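Q: Here's a structure for you.
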Amino acid sequence: MQPFAIFWHKQTVILERALNCLITNGKVDISVLNGKTIGFSLQDLPLEMYFVCANSRIFVLPATDKLTDVDVKLKSMVFISLLQGEDLTELLRQDKINIHGDVKTAQLLVDLLKEVDIDAEEMVSKYTGDIIASQLGKLTKKFNPADTQSNNPLEIIKDGLTALLINPIKSELYKHKNS
Amino acid sequence: MENTTYFGFKQVATDDKQSLVRDVFNSVASKYDLMNDVLSFGAHRLWKRYTVASSNVKVGDKVLDIAGGTGDLAIEFRKKVGNNGQVILSDINATMLNEGRKNLTNKGIFGVEFVQLNAQHLPFNSNTFDCVSIAFGLRNVTDKNQALKEMYRILKSGGCLLILEFSTTDSALLKKLYDFYSFNIMPRLGGIIADDEASYQYLAESIRKHPNQETLKDMVLNADFDFCEYHNLSGGIVALHKGIKV
C-alpha cells in the first residue's frame, strides 16, 4: 500500500469510530439510512469512501466494487465549504455537487459528517502536500477514546501505545520524539 | 492428494489436522499468554485492542469470539457490550478454554459464556450475532472456507466479522528479519520458556502457509460477505480483515 493509501485507510477507520460514537450517544438517527450504501468521492483528487449503513451502525470503507444506492461527487473546495456550513441545496442548485440517487439520503450523510467536525482542509492537504501531516486532524480530537471513555492513566497509556503502533503520526509519543 | 491439508509445512491427512493442532495447544496452553508477550514483545495486546476498537460493537450487542483462547478479546468485548449484551468465548480446545475461564476469573471479569466448539460447525441459530471475531485462530482451522460460511450464517444483517491473523509483509527487509526471527529465535524461545520447540516451529510454518491479505479477502467475499477490507498492522506481519454482512 502506498503511504497516502495507508493514511486514507486510517482516516476511514477514525471516521467510522467517530460516526458510530455519535450514533451510540443518540445524537443522530440513521434508521432512514438502514441498508443503504453511499459512495462519496472528490472529483479532483483520488479520494473516495463508502458508507455502509446497517444494524443501526455505519461502516466506512476506503473502497468497494459493490453498487451504491447513492453517489455523491464534488470537488475538494466544495467539500471543505460544505463541511464549513454551506447549504447542500444551494450547492446542488449551483451544480457544484453531483448526486446520483436520493438527495435526502445524501443530505442526511452530509449532516452526519458535519456533526463529526472533520478537518477537511487537513484531509485534503495531506494529499496535496501543503501541510505536513503531524496529526490526523481535529476529527480524532473530538472522539479521542482517552478523553471520552476513561480517565484511567493505564488506559490512556495503553491507548497511546496503540496509537503509536497502529498510527504513529497520530501518536503523542511520536510527536515528542520528533519535535 | 484430495484428502490432505497442511499442518505447518507438512502435508497431513485432513482428518488428522484437528488432533495435531489440539496437541500443539494442549502443550502450550499454560504458557500461552507468556509466550505471546515474549514472542511479540507485547504487540499482540495492541493488535487485539485495535481489533476490538474497530469492531463497531456497542452496548447490548451479541459477540462470539472463536478460538478465543485465554480471553483477551472477550474481556474487551465484555466491557463494550455491558450487562445487557452477551459475549461468548469459544475454542475447540478444552485446555485453552479452561485457561480462558481461569484468566477471566482472575481478572474479575464475569458474565462471559464459554462454549467448546468447532468453527466449521457453529452451534448457533442463523442471524444471531452482531460481531464474530477470530484472532490468530483461522490458520489452524482445517476447512477455512466452511468456517467463514458458518460465521456469515450466524451473523445478523449489519453484523461484522473480524479476522486478526498473521499475514504477509511487503517490505523485503522486514521479511528477512521476520523470517530469521520466526525460524531461528521463536522455536528456541519456545523450547526454553514452554519446553516445546516443535509447537513454535509449527507456529512459524503455519503463518507462512496462511493465505495472504488479498487471498483471505477473496475467501471472505466468497463466503457471501457483502464487503471485506483489511488493514495491515506492524508492516503487514499481522492483518485485520473486516467482513460485513448487509
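Q: With respect to B:A147, determine if the residue is open to solvent by less than 30 Å² (accessible area, probe 1.4 Å), of a type in the set (G, A, S), out of contact with any helix residue (DSSP H, G or I) (no Cβ under 6 Å at 6 or more places or on another chain) and away from chain A (no Cβ under 14 Å).
A: For B:A147, the condition - open to solvent by less than 30 Å² (accessible area, probe 1.4 Å), of a type in the set (G, A, S), out of contact with any helix residue (DSSP H, G or I) (no Cβ under 6 Å at 6 or more places or on another chain) and away from chain A (no Cβ under 14 Å) - is met.
Q: So in segment A:98-111, with the set limited to residues that are more than 18 Å from the chain's Cα centre (by Cα) and over 30 Å from B:D218 (Cβ atoms), which one is surrounded by the fewest Cβ atoms within 10 Å (Cβ to Cβ)?
A: Of everything passing the filter in segment A:98-111, A:K104 is surrounded by the fewest Cβ atoms within 10 Å (Cβ to Cβ).
Q: Tell me, which helices (runs of 4 or more DSSP H) lie completely within segment B:1-91 with 2 or more residues that are within 14 Å of chain A (Cβ to nearest Cβ) and in contact with a helix residue (DSSP H, G or I) (Cβ under 7 Å, 6 or more places away or on another chain)?
A: It comes to B:43-53, B:72-81.
Q: Mind checking which residues of segment A:9-45 are more than 11 Å from chain B (Cβ to nearest Cβ) and within 15 Å of the chain's Cα centre (by Cα)?
A: A:Q11, A:L15, A:A18, A:L22, A:I38, A:G39, A:F40, A:S41, A:L42 - these are the residues of segment A:9-45 that are more than 11 Å from chain B (Cβ to nearest Cβ) and within 15 Å of the chain's Cα centre (by Cα).
Q: Any idea how many residues of segment A:47-71 are in a loop (DSSP other than H, G, I, E, B), without any contact (Cβ under 8 Å) to a residue 40 or more places away in the chain and within 15 Å of the chain's Cα centre (by Cα)?
A: Count: 1.
Q: Would you pick out the residues in segment A:28-43 that are over 23 Å from A:I80 (Cα atoms) and either among the polar types (S, T, N, Q) or surrounded by fewer than 18 Cβ atoms within 10 Å (Cβ to Cβ) (or both)?
A: A:D29, A:S31, A:V32, A:N34, A:G35
Q: Now, a different point. Mind checking which residues of segment A:44-92 are open to solvent by 40 Å² or more (accessible area, probe 1.4 Å) and of a type in the set (K, R)?
A: A:K66, A:K73, A:K75
The values are calculated or read from the model by the stated rules, or taken from the named source; none is laboratory data. The structure presented is a predicted model; accordingly, all values stated were derived computationally and were not measured. Cβ: placed from backbone, ideal geometry, glycine included. Neighbour counts: every protein chain shown. Accessible surface areas use protein heavy atoms only, side chains included; no ligands, DNA or RNA. Shrake-Rupley method; radii C 1.70, N 1.55, O 1.52, S 1.80 Å.
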